[in-house]
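Report on the following structure.
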Amino acid sequence: MVSIKDIAKKAGVSISTVSYALNGSNKVTGETSSKILAIAKELNYVPNAAARTLKKRESRILGVFLTDFSGDVYGDMLSGMKAVCNTQGYDLIVCSGKQSHRMLPERMIDGAIILDHTFASEELMQYADRGHKIVVLDRELEHANINQVLLDNKAGATLAMEYLIEKGHTKIYVVTGPEGSFDSVQRLKAVRQVAEREADVEWIEIVGDFEKSGGERAADQIVQTYTEPAAVFCLNDEMAIGLCDRLAESELEVGRQIDVIGFDHIELSNYIQPRLASIDYSKRKWGALAAEQLIKIIAGEPVDHERIYVTLVEGESVTGPTEVDSLLSMPGERAVIY
């Protein structure tokens, strides 16, 4: 790899002169600077980004840490982050896995946005203690170098449960997310709070994983134990879509015997039949706000914790229990309505 020593040797100047020229300093004459830049181009010189970062104490790069890359929520969120980075002169990289954590203490990035429940809070607090700047989207951490931009999970889950109850449902299945997921825990807390207020409502928890396959497994359990009209609140849309797909293979019809509502209002939820009811929020705004807050923290500007608000999007997957539904008998038997 070509270094500034090689350029200095060929140009017959000192290393410091080459450094000044490459950085556009006026300490070097125009003629000398042009000569050095021409030699650098001839030798295919590429600046050492790590060395430059150490010298300037900044990389102008932000890192966003995700559990994996499979979620449908990530696309719009990353677009929001990237748009802000572009206007503020930053680049954005997406990281996943334990080995990528070192990018923060090694200062390969100027700050981190965290949406990865496998990234331990204790580790994040240690980095914050060392002065690293962090924005968390999936947990509550109090530290001067950490800002929270959190989704209003409790409000969303409350909206979903109250919507199903208002539609007349007294039996509600709730398909959860993976163990340790902040979003799942917060949504489930709200479910319990609503259920405690509604004495006539029976709710049954089914362990899920925020994956389509988790919804399919939940559907299998519901079909096997079905005795009466019920509703299902899947704590994300991917599971809700998996559940609807699997129910389509059974004798239970979504929007009739089984009502279904999801959370996230991903693009696909608009196109399945019946159209999925869901809890919506701006993923792009969430990502943009996270990037804005991180850049402010890096610049030493004061910031407050932020919350992303949610709304209910109705769909034909929720209609409420009907008299026709009550005529459906136990699994394996089929009521015929003329």
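Here the chain is described by how far its Cα atoms reach on the three principal axes: 96, 38, 29 Å, from widest to narrowest. Approximating the spin labels as points 7 Å out from Cα along Cα→Cβ, the S70-to-R192 distance works out to 2.7 nm.
Pairs of Cα atoms nearer than 8 Å and 6+ residues apart set the relative contact order; for the chain it is 17 percent. Return the subset of K41/K133; K98/K285; K5/K35 for which the Cα-Cα distance in this structure is over 25 Å, preserving the input order. Result: K41/K133; K98/K285 exceed 25 Å. With respect to the chain, whose longest principal axis is taken over its alpha-carbon atoms, helix 30-42 is tilted by about 60°. Would you please classify the overall shape of segment 1-160 from the alpha carbon gyration tensor, given that a ≥ b ≥ c denote the square roots of the eigenvalues, rounded means a/c under 1.5, and beyond that prolate means a/b larger than b/c while oblate covers the rest? Judged from the Cα gyration tensor, segment 1-160 comes out prolate (a/c at least 1.5, a/b above b/c). Rounded to the nearest 10 degrees, the inclination of helix 74-88 to the longest alpha-carbon principal axis of the chain is 30 degrees.
Write down, largest first, the equivalent ellipsoid semi-axes of segment 152-285 in whole Å, where each equals the square root of 5 times an eigenvalue of the alpha-carbon gyration tensor.
On the way: eigenvalues 76, 65, 39 Å².
One finds semi-axes of 19, 18, 14 Å for segment 152-285.
Explain nothing, just the number: relative contact order of segment 4-47, from Cα pairs under 8 Å at least 6 residues apart, as a whole percent. RCO, segment 4-47: 37 percent.
With respect to the chain, whose longest principal axis is taken over its alpha-carbon atoms, helix 182-197 is tilted by about 30°.
Evaluate the charge dipole of the chain about its Cα centre and quote only its size in Debye, nearest 20, assuming +1 on the Cβ of each Lys and Arg and -1 on the Cβ of each Asp and Glu. Walk me through the numbers on the way to the answer.
Working: 36 positive and 51 negative charges, 599 e Å.
Roughly 2880 debye for the chain.
Please tell me the relative contact order of segment 1-110 in percent, rounded to the nearest whole number, where contacts are Cα pairs under 8 Å and at least six residues apart. List each step's numbers first, then the result.
Working: 97 pairs, mean separation 28.3, N = 110.
The value is 26 percent.
Near I261: Cβ cut-off under 10 Å, other residues only, Lys/Arg at +1 and Asp/Glu at -1. The net charge is -2. Placing a label point 7 Å from the Cα of S79 along the Cα-to-Cβ direction, the residues of segment 276-292 with a backbone N closer than 13 Å are 282-288. Roughly how far apart, in whole Å, are the Cα centres of segment 175-210 and segment 108-157? If we compute the Cα centre of each part, the gap is 24 Å.
Suppose the chain between K296 and L141 were pulled fully straight at 0.36 nm per residue; how much longer would it get relative to their current alpha carbon spacing? Each step should come with its number before you reach the end.
Numbers: separation 155, 0.36 × 155 = 55.80 nm, distance 1.78 nm.
So the extension gain works out to 54.0 nm.
Scaling against 2.2 N^0.38 Å puts the C-alpha radius of gyration of segment 4-47 at 0.96.
Summing +1 for each Lys or Arg and -1 for each Asp or Glu among the other residues whose beta-carbon sits under 14 angstrom from that of E314 gives -3.
Values in this text are rule-based calculations from the coordinates and carry no lab data. Worth saying up front: this structure is predicted, and the values here are computed from it rather than measured. Every residue, glycine as well, gets a Cβ built from its backbone with ideal geometry; the counts of neighbours run over all protein chains shown.
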